[in-house]
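The values are calculated or read from the model by the stated rules, or taken from the named source; none is laboratory data. Remember, predicted model here, so these are calculated numbers, not experimental data. Note that each Cβ is placed from the backbone with ideal geometry, even for glycine, and that neighbours are counted across all protein chains shown. Keep in mind that these areas ignore ligands, DNA and RNA; they rest on the heavy atoms of the full protein, side chains included. Shrake-Rupley method; radii C 1.70, N 1.55, O 1.52, S 1.80 Å.
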Amino acid sequence: VTNVLTTPLLPEVVRYHAKGEGRKLVTVNEAYWVLVGTVVNLGILIIYPLIEPMYGYWTAHVVVFDKALLCLLLASVVVSNVGGLISLYLNGINSLRVVLAASVVRGTLGLGVGSFLFYHFGLAGFGMGILGGEILVLLMMGRYFVKRELSKQGVSMPLRSLAPITISTASVLLFLMSDGFGFQLTKYFYSVALLGVVGAALWGWRELESGVRSRLVYMISNLFFRKDIV
């Protein structure tokens, strides 16, 4: 979902980079977090209760369902999605050093650390390694994007714009970690996560500039309600 929704933005973010329009890069990131972040986070919460029974049906209940591994892998998807547009941007402008570093970190933690943790936590150890790699890559890419790319164009990323996606992501991660490791308050965390994602989406939407909101509404309505003329 992240790739499908971000790939069409590649020409735009590369053009903003070429023209030195750093402010537009910040704006498109804010819009990405509101739309794509909400779609992915809310989508995970909605389909989560269906995964275990579907998995049982698919495997005829022969292969044991590892809930901890599932939750860790879903958590890594949530974290990776936060930096999806930044990753697309850095790939688009050929920042090979940071892209290569991200690949090394993912491989090292996912396989190296995962193999070590496997002896203590089973397959969930690989999930821990993968999640740790995604968190580290997100911090590394985010820092490079803000400190190097945006500052070079004379703009900064307002901390206020990070709040909605942080709340949305933290809410989902809290639920996944609690359910994956069998915490007793999981059933309450699911409701908290839903409220957190929806509330963060509304907050992020209100924080967008009015012109951006109008363009997004037009784009979405044109996507779903367009009538092709033959």
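Based on the Cα coordinates of region 99-177, what is the per residue volume of their convex hull in Å³?
On the way: hull volume 6.6 nm³, N = 79.
Hull volume over Cα atoms, normalised by residue count, gives 84 Å³.
Roughly what angle does helix 124-144 make with the longest principal axis of the chain, taking Cα atoms, 0 to 90 degrees, to the nearest 10?
20
Heavy atoms only, probe 1.4 Å: what % of the accessible area of region 1-81 goes to carbon and sulfur, would you let me know? Each step should come with its number before you reach the end.
Working: 3020 of 4230 Å².
Roughly 71 percent of what the probe reaches on region 1-81 is carbon or sulfur.
How would you classify region 84-230 from its alpha-carbon gyration tensor, with a ≥ b ≥ c the square roots of the eigenvalues: rounded for a/c under 1.5, else prolate if a/b is greater than b/c, otherwise oblate?
Details: a/c = 1.89, a/b = 1.27, b/c = 1.49.
Since a/c reaches 1.5 but b/c is at least a/b, the shape of region 84-230 is classed as oblate.
Bin by bin, in steps of 10 Å, what percent of the Cα pairs in region 1-142 do you find, going until the bin that has the longest distance?
Reading the bins upward from 0: 11, 33, 32, 17, 5, 1.
The chain: longest stretch without exposed trypsin sites (Lys or Arg not before Pro) (DSSP loop, at most 11 other Cβ within 10 Å), sites themselves excluded?
Free of exposed loop sites, the longest segment is 1-225.
Per residue, how many Å² of accessible area does the chain show with a 1.4 Å probe? Intermediate results must be reported in sequence, preceding the final value.
Numbers: 13340 Å² over 230 residues.
Ligands and nucleic acids excluded, the figure is 58 Å² per residue.
Mind putting a number on the dipole of region 113-204 about its Cα centre? Charges go on the C-beta only, +1 for Lys and Arg and -1 for Asp and Glu, and I need it in Debye to the nearest 20.
Numbers: 6 positive and 3 negative charges, 72 e Å.
For region 113-204, the charge dipole is close to 340 debye.
Can you tell me the dipole magnitude for region 1-153 around its Cα centre, using point charges on the Cβ only (Lys, Arg +1; Asp, Glu -1), in Debye to the nearest 20?
Values: 11 positive and 7 negative charges, 134 e Å.
Taking the Cα centre of region 1-153 as origin, the dipole is about 640 debye.
If you take the beta carbon distance between L111 and R160 as r and set R0 to 41 Å, what does 1/(1 + (r/R0)^6) give as a FRET efficiency, to the nearest 0.05? List each step's numbers first, then the result.
Values: r = 38 Å, r/R0 = 0.92.
The formula returns an efficiency of 0.60 here.
Using the alpha-carbon centroid of each, what span in Å lies between region 1-46 and region 95-170?
17
How large is ³J(HN,Hα), in whole Hz, for each residue of region 94-110 in order, when computed from phi with the Karplus curve 6.51 cos²θ - 1.76 cosθ + 1.60 and θ = phi - 60°, using x for Gly and Pro?
6, 7, 5, 5, 6, 5, 5, 4, 5, 5, 5, 4, 4, x, 5, 6, x
Heavy atoms only, probe 1.4 Å: what % of the accessible area of region 88-230 goes to carbon and sulfur, would you let me know? Could the numbers behind the result be given before it?
Working: 6120 of 9020 Å².
Carbon with sulfur: 68 percent of the solvent-accessible area.
So for the chain, averaging the separation of alpha carbon pairs under 8 Å that are six or more residues apart and normalising by length, what relative contact order in percent results?
Details: 240 pairs, mean separation 60.9, N = 230.
RCO, the chain: 26 percent.
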